[in-house]
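Presented below is the structure to which this report refers.
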């Protein structure tokens with residue numbers, strides 16, 4: 001996994017957090033936060049595999 005991909009995952013997570021912050025409805029906010037958490041987990045897992053792989 002390249003650093004570029006890890007950075008991309010983190011950027012997508014950041015975008016999801018930003019969309020959650022501006023969501024009008026609770027369900028939308030929850031969905032964006034869930035997506036953000038999943039992208040963050042992907043980034044962290046990829047970073048861990050890169051350093052320990």
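Throughout, read-outs are computed from the coordinates displayed, never taken from laboratory work. Given the structure is predicted, the values throughout are model-derived calculations rather than measurements. Please note: Cβ atoms are built from the backbone with ideal geometry, for glycine as well, and neighbour counts cover all protein chains shown.
Some observations on this one:
- Residues considered: 18, 13. Of these, the only one that is buried (at least 17 other Cβ atoms within 10 Å of the Cβ) and either assigned to a helix (DSSP H, G or I) or in contact with a strand residue (DSSP E or B) (Cβ under 9 Å, 6 or more places away or on another chain) (or both) is 13.
- Flag for residue 31 being surrounded by 14 or more Cβ atoms within 10 Å (Cβ to Cβ), out of contact with any strand residue (DSSP E or B) (no Cβ under 7 Å at 6 or more places or on another chain) and outside any helix (DSSP H, G or I): no
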